[in-house]
Every structure is written in structure tokens, then in C-alpha cells.
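This report refers to the structure that appears directly beneath it.
The values are calculated or read from the model by the stated rules, or taken from the named source; none is laboratory data. Quantities reported herein were computed from a predicted structural model and do not represent experimental measurements. Side chains included, ligands, DNA and RNA excluded: accessible areas come from the protein's heavy atoms. Shrake-Rupley method; radii C 1.70, N 1.55, O 1.52, S 1.80 Å.
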Amino acid sequence: MTFDLHQPRTLPDALALADRHGESARFLAGGTDLVIQMRRGRLAPRHLVDLSGLRDLAGIEETAEGFAIGTLTTHKAIERHPAFLAGIPMLAEAARVVGGHQVRNAGTVGGNIVNASPAADVVVPLLALDASLELESSAGRRSVGLGDFLLGPGRTVLRSGEMLTRIRFARPPAESGSAFLKAGRRKAMEISVACVAVSLSFDGQYCRTARIALGAVGPTTLRARDAEAALEGRTVDPDLVREAGRIASGECRPISDVRASAEYRRMLVGTLVERALQLCLSRRREVAP
């Protein structure tokens, strides 16, 4: 591999480099996805813009509205963040199963999103959180919903010279619960066969809002919107949990590959959604006044 490495110290400098070199340039964050693709010959950028010097793009900020995660924030930082461990466990749980410790210490949430893998673990709870993305270029800034950002495997709405800078999402209400579950061919350091993130908020005994996101069972991470609608405004009992799992399994669009058949993935989605819903209910009881 032959390339020029650029190390800007400010965001405007990084964006100017991307403008100058156009399609021949790639932003380099943790490198856990990009470097592998370069070694396999899938990508051959002539210019790498190293973002490691842009410290303002790393870290998790709590605001009155919710949270803002810098694109250079590592999976390990998300895994350990106290507010996520206490109030949004599905996000910490997803970060905890991304590769091994070395990958989580280096890999960034921004890189994971921009790589646009249908099996990207952290993307699944972020979709369930209705996350929005801040995209910046030398021409300005725009905001795009995560669901609209992903177009297909390896494909996003990013324009030439544009960078993902922050991920934003609202703080879940007090009476809520969430869970992330992943199934792979082994428990650790394995790409998902299927994974789900579920977030429920409650109004007394009724489910007020439901968010169910599915990973590795479609061309992009996707929402099980029919299953969500089946839960909202109803008491979540065992019969409804089974119904929601059945509906979600019919909404996914898996393929058969070396890891599993499409039929097995559909069955797995139903089981994982049921288990995640049960976890949400138990966690809601733990924090309810």
C-alpha cells in the first residue's frame, strides 16, 4: 500500500485536505475497519487524513436535551460511561461486544457508523435511540437521521469531503428500559448472525413508546416498525411479547451466508426480540418509583 499521510490539527484543516484530494482521500480514525479493507485490496486511497489530533471530536457530552458523542469516541469509552450503564444499558452492552479489548480501545463510533456494515453492533442501539448525525464539510454543516444516513452495505449519504463529527440523541424518559442482545457463532470477537436493540418507555402500566432495531438481517440496520406499533399503547404481557417477536421476525430481510441461513436468522430475530423485551420489563421495574 502506498499513500500520503496527512495529520491536520484542526477540523477546518482536515476538511480542506479532503476537499483538495477529493475521492482519492479517506479520513482515518481508529483504523480498525479502514486498514483491514486496505489490506484486503477493497480500498486503495492515495491520501489518508489522520484525525487523531482533533481532540475536540472525542468524548461524550451530556446536555439538557440528551447526549452528544464525538465521532472519535472509542467503543471502550461508550462501554464504560456511567450514564449509559445506568440509564441506557443497550448502548453499553453493544459497545462491550465489539471485537476484543484492543479493538474497543482503538475503534471509534464514527468509523463504525461510516463503515456502514449491516452487522455493526453499536449502530443498532443508536438507531433505537433515534440518533441524528452531524455532518460537516467546508461548505457547512447538516444533520441527518441515522436511518436516512445508511443506504446499503458500505454505502451512506456522505458527500465528497464531508465528515461525520457528532452523534446526538435524546435522554430516555425516567420510566423506561432498554436491552441489546447479539447472537454469533461464538460469544466474543465475532460478527453478528443477528442482533437486536429494544427500548421501551412506559406510562403507568402501558407502553408509551417502543423502538426495536435489528442488525445483520438486512442490507442496513433497520427498525421493526410494525412490531413497535403492536406494543405502543398496550400492556406488555407475555402474549404481546410473543406477538411482537413474531412480527419482528417477519419484518427483517436476511440473506443466507456462511454464518447462517435466512430462515434461521428470522427465527433468531423473533427469539432475541422476545428476550430483549423481557429484559426491558425487568429493568423498568428496577428503576420505576
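Of note:
- Rounded tilt (10° steps) of 11-21 against the dominant C-alpha axis of the chain: 70
- Average accessible surface for the chain: 47 Å² per residue, computed with a 1.4 Å probe over protein heavy atoms with every protein chain in place.
- Looking at the chain alone, DSSP beta bridges between its own residues are antiparallel in about 85 percent of cases.
- In this structure, the amide hydrogen of Ala58, modeled 1.01 Å from its nitrogen in the peptide plane, lies closer than 5 angstrom to those of Leu72, counting only residues at least 5 positions away or on a different chain.
- Sequence of Ser138, Ser178, Ser52, Ser117 when ordered by accessible area, the most exposed leading, probe 1.4 angstrom: Ser138, Ser52, Ser117, Ser178
- Working note: Cα atoms of the stretch 23-74, range along each principal axis, descending, whole Å: 44, 17, 17.
- Extension gain from Glu65 to Ser143, taking 0.36 nm per residue of separation minus the Cα-Cα distance: 26.5 nm
- Only Cα pairs under 8 Å and 6+ residues apart enter the sum, and on that basis the relative contact order of the stretch 40-89 stands at 23 percent.
- Centre separation in Å (Cα based) which lies between the stretch 69-83 and the stretch 193-259: 25
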